[in-house]
1. So, in segment 192-240, how many residues would count as being of a type outside the set (Ser, Thr, Tyr) and without any contact (Cβ under 8 Å) to a residue 24 or more places away in the chain?
2. So which of 125, 142 is small (Gly, Ala, Ser) and within 30 Å of residue 30 (Cα to Cα)?
3. I'm told residue 329 meets every condition in (1) buried (at least 19 other Cβ atoms within 10 Å of the Cβ); (2) in a strand (DSSP E or B) except one. Can you identify the failing condition by its number?
4. Pull out all pairs, ordered by first then second residue, where Cβ-Cβ is under 9 Å, the residues are six or more apart or on different chains, the first lies in segment 110-123 and is over 16 Å from residue 23 (Cα atoms), and the second is open to solvent by 40 Å² or more (accessible area, probe 1.4 Å) and not in a helix (DSSP H, G or I).
5. Restricting to segment 199-212, name every residue that is surrounded by 14 or more Cβ atoms within 10 Å (Cβ to Cβ) and either under 19 Å from residue 175 (Cα atoms) or not charged (D, E, K, R) (or both).
6. One residue is enough: does segment 243-264 have a residue meeting the conditions surrounded by 14 or more Cβ atoms within 10 Å (Cβ to Cβ), under 25 Å from residue 348 (Cα atoms) and either within 38 Å of the chain's Cα centre (by Cα) or free of Cβ contacts under 8 Å to residues at least 40 places away in the same chain (or both)?
7. Which count do you get for residues in segment 137-189 that are farther than 30 Å from residue 201 by Cα, assigned to a strand (DSSP E or B) and open to solvent by 10 Å² or more (accessible area, probe 1.4 Å)?
8. For segment 76-109, which positions are polar (S, T, N, Q), within 44 Å of the chain's Cα centre (by Cα) and open to solvent by 60 Å² or more (accessible area, probe 1.4 Å)?
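The values are calculated or read from the model by the stated rules, or taken from the named source; none is laboratory data. As the structure is a computational prediction, the values presented were derived from the model and not from experiment. Positions of Cβ are backbone-derived with ideal geometry, glycine not excepted, and every protein chain shown enters the neighbour counts. For the accessible areas, the whole protein counts, side chains as well, though only heavy atoms, and no ligand, DNA or RNA atoms are used. Shrake-Rupley method; radii C 1.70, N 1.55, O 1.52, S 1.80 Å.
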Amino acid sequence: MAMTAAAQPEATWLERQHDMGVFMEQDGKVTCQMRVVNTGNSPLIIVKAQAGCGCTAVTYPETPIEPGDTAAVGITYNPSGRPGQFSKQVLIFTNTTPKRTVLEITGNVIPTAATLDNQYPLQAGSLRISQSSIPFGELVKGKNKTLYLSTYNASTDTLLVSVHGDHAHINPAVVPDTLPPARVAALTVHYLTGKAPLWGFNVDTLTLSCRPLRQPSSATAGTAQVNVMAQVIESFDNLTEKQRQDAPILSVDCGDRLDFETIMAATPATRTFTITNKGKDPLIIRRLWVPEGEGITVKADKLELKRGKKATVTVTVDPARQQGNMLNVPLTVMTNDPETPRATVRIVGIINK
């Protein structure tokens, strides 16, 4: 009876945690083997195994494991529709004390190309980027702001990521700049409005680059451009009542339309309008802006107008660069008039083609 009481199986697991590493979702199921040794003196029986979810399957020997023998439990993970990092547990029940053992698998699944295209549409080699632009919206001159976008290493090798762009008003950084497989890094951009080169709409380009940490590598190097956009405006919230009474007042003699009437397609045409300061303090023309690519140039003969003074604004249109035969392009006039800091004059006309 004493000898029977001493005969007990004992399960000694060679590992209870297994990292499956990084693998592609489209490659399908991945399996690992976790071994157990019967270090007791009677047969070890695996009674049952229980997976935590339907994505994990378990196989195990159904025959007794004799003392001193080794057996393996197979754990299979199905990554289909489950991109990203995972951690799954499996419960193994045996005829030992304690009866239950917890096994854990971990790993990281790189999404399919379709998933990557949806979440990270911009590509720079093996680096995927969540968006092609960082829109800051309206920023008051003198107030700064920080935004970011996400990048993703879609390879099974580590990438070195860097950002380039020589702009005094933009401070970009990639954190972390050494990006392990299937991990995310952030491109942060700190916008310094006080150093912005233009009032109104500013667009600047940053270049994201990546290269594999080691060679040879299955990962590929590449570059991609990201546009940083901001509308830099002036705030008049702190003006006193006296300053508002003495403030400059913008007046445009053509109203909200500068009509070129009918112009010939092959001949550039020029029209002018007048800006007058009807206030007391000097009126400063911050910027005269038209969208790029429209073939329109705008120039004022003065940018600072004392009380009652005028400036002539010359607008030249190259009809050959217009699409269609209708001319309709907005011209934004930005000034330090607190009541009308931005006025729009539409450049209109008919192009005879």
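1. 4
2. Exactly one of 125, 142 is small (Gly, Ala, Ser) and within 30 Å of residue 30 (Cα to Cα), namely 125.
3. Looking at each condition in turn, residue 329 falls short on (1).
4. Going by the 9 Å Cβ cut-off, the qualifying pairs are 117/123; 119/83; 120/131; 121/131; 121/132; 122/131; 122/132; 122/225.
5. Answer for segment 199-212, where residues must be surrounded by 14 or more Cβ atoms within 10 Å (Cβ to Cβ) and either under 19 Å from residue 175 (Cα atoms) or not charged (D, E, K, R) (or both): 199, 200, 201, 202, 206, 207, 208, 209, 210, 211, 212.
6. yes
7. 3
8. 80, 85, 87, 89
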